[in-house]
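A.B. asks: Take this structure first; my questions come after.
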Amino acid sequence: MLYKDIIQILNLDKKKDAKSAKILSKISCEMQKQISDLKYAKERIVGKNIIIFGAGPSLIPDLERLMKLKNFDLFIKICADGATKALIEQKIIPDFVVGDLDGDIGAIKKANEKGAILLIHAHGDNIEAIKTYTLKFKNLILTTQTNLKLKNLHNFGGFTDGDRSVFFALKFKPKVVILAGMDFGNKIGEYSKKISCERAKFKLKKLKIGKKLVEEKCIQSKVKVYDFTKNGNLKIKKISFGEIEKMT
C-alpha cells in the first residue's frame, strides 16, 4: 500500500504532512548535534534479535511473559511511543522509541535520557507537538511519510507507529524480529493516546492500514518475523515462549 492510497482512504491533507515535515527539518538544523547518525542504528540492529512492542491491548500480558525470558536482556527492544510508559513502569529502557509525540512525554523523555534513540515522525496532526517538544530531546532520527527530500529526514516506510517500527527495524537487516502488543484489532490499547469516540473510529481505520502494511512488509522481507501478540491476528507465523527462549 502506497502513501497516495492511504491519503485517499483516510482523506488526509497532503499539504499539512508536507508542512509538518518542513517544520521538523528546519528545527533539526538548529540541533544538529542531537541528530543521530544512522550508522548507530544499524550497529544496534544488524544481525540482532529484536522485539518490537506495539501499544495494543495485548501489550501488558505480552510484556509480562517476555520479561520472564532468561535471555530477555539480550534482545534489542523497539517500541511505539505509546508503549514506552509500560516499559518504563517495568524499569525497561527501550533501545528505540518510534512515534509522533502522542505517547506519554514524561516516559519518552526518561527513555531518551537513559539512551533510547527517538524516532520522531512528522505528519499533519502533530505540528504543535513537534514545535513544543523536539528541542527537548537528543539522539534523534527524524522521519516523514512524504516523498520530500529534506535535511535530516528519512522515509523508512509505514504509517502508524507500530508498522513504522517494523519497517525501521527491517531496514537494517536484523536476525529475527518478534512482534508483541501488535493486536491491530477492533480495540485500542490502554497505553494508546486517549481520544474521543469519533477519533477512535478513525484510529481503528488506521490500525487496519497498519495491519496490512505489516503483513505486506513481512511477506516481502527475507528476515524472519514472528508474532507473539497474545490476541493478535496478523497473518504472520506465531512463536511460543519456549521458541524465543532458545534464541541466541
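A.B. asks: Quick one: in region 105-136, which of the residues that are assigned to a loop (DSSP other than H, G, I, E, B) and touching a residue at least 40 places away in the same chain (Cβ under 8 Å) is surrounded by the fewest Cβ atoms within 10 Å (Cβ to Cβ)?
C.D. replies: Within region 105-136, the match that is surrounded by the fewest Cβ atoms within 10 Å (Cβ to Cβ) is Asp125.
A.B. asks: Among all residue pairs at least 6 apart or on different chains, which show Cβ distances below 9 Å where the first residue, located in region 41-55, is without any contact (Cβ under 8 Å) to a residue 24 or more places away in the chain and the second is surrounded by fewer than 21 Cβ atoms within 10 Å (Cβ to Cβ) and assigned to a loop (DSSP other than H, G, I, E, B)?
C.D. replies: Close Cβ pairs satisfying both conditions: Glu43/Phe172.
A.B. asks: State all residues of region 203-248 that are within 16 Å of the chain's Cα centre (by Cα) and of a type in the set (Ser, Thr, Tyr); if no residue qualifies, say none. Break it down stepwise before answering.
C.D. replies: As a first pass, look at region 203-248 and keep what is within 16 Å of the chain's Cα centre (by Cα): 203, 206-215, 217-218, 225, 227, 229.
Within region 203-248, Thr229 is the sole residue that qualifies.
A.B. asks: Does at least one position in region 86-95 carry a residue that is in a helix (DSSP H, G or I), in contact (Cβ under 8 Å) with a residue 40 or more places away in the chain and either touching a Pro at 6+ places or on another chain (Cβ under 7 Å) or under 30 Å from Lys205 (Cα atoms) (or both)?
C.D. replies: Within region 86-95, one or more residues are in a helix (DSSP H, G or I), in contact (Cβ under 8 Å) with a residue 40 or more places away in the chain and either touching a Pro at 6+ places or on another chain (Cβ under 7 Å) or under 30 Å from Lys205 (Cα atoms) (or both).
A.B. asks: How about region 88-104: which of its residues are more than 23 Å from Leu24 (Cα to Cα) and surrounded by fewer than 24 Cβ atoms within 10 Å (Cβ to Cβ)?
C.D. replies: Restricting attention to region 88-104, the residues satisfying the condition of being more than 23 Å from Leu24 (Cα to Cα) are 88-94.
The answer is Ile88, Glu89, Gln90, Lys91, Ile92, Ile93.
A.B. asks: Restricting the first residue to region 66-85 and requiring it to be part of a loop (DSSP other than H, G, I, E, B), which pairs with a second residue that is among the basic types (Lys, Arg) meet a Cβ separation below 9 Å and a spacing of at least six or different chains?
C.D. replies: Asn71/Lys246; Phe75/Lys48
A.B. asks: Let me ask something else. Check Lys201, Lys212, Lys230 and return the single one that is closer than 14 Å to Asp183 by Cβ and of a type outside the set (A, V, I, L, M).
C.D. replies: Values: Lys201 fails: closer than 14 Å to Asp183 by Cβ; Lys212 fails: closer than 14 Å to Asp183 by Cβ.
It is Lys230.
A.B. asks: Out of the residues in region 212-248 that are free of Cβ contacts under 8 Å to residues at least 40 places away in the same chain and part of a helix (DSSP H, G or I), state the one that is surrounded by the most Cβ atoms within 10 Å (Cβ to Cβ).
C.D. replies: The residue in question is Glu215.
A.B. asks: Let me ask something else about it. For region 74-107, name all the residues that are among the basic types (Lys, Arg) and under 18 Å from Lys48 (Cα atoms).
C.D. replies: Once the filter is applied, which keeps residues that are among the basic types (Lys, Arg) and under 18 Å from Lys48 (Cα atoms), region 74-107 yields only Lys77.
A.B. asks: Could you grab me the full set of residues in region 171-200 that are hydrophobic (A, V, I, L, M, F, W, C) and either modelled with pLDDT under 90 or crowded, with 23+ Cβ neighbours inside 10 Å (or both)?
C.D. replies: Within region 171-200, Val177, Ile178, Leu179, Ala180, Met182, Phe184, Ile188, Ile195, Cys197, Ala200 meet the criteria.
The values are calculated or read from the model by the stated rules, or taken from the named source; none is laboratory data. Keep in mind that what you see is a predicted model, and the values were worked out from it rather than measured. With ideal geometry, Cβ positions are generated from the backbone for all residues, glycine too; neighbour counts draw on all protein chains shown.
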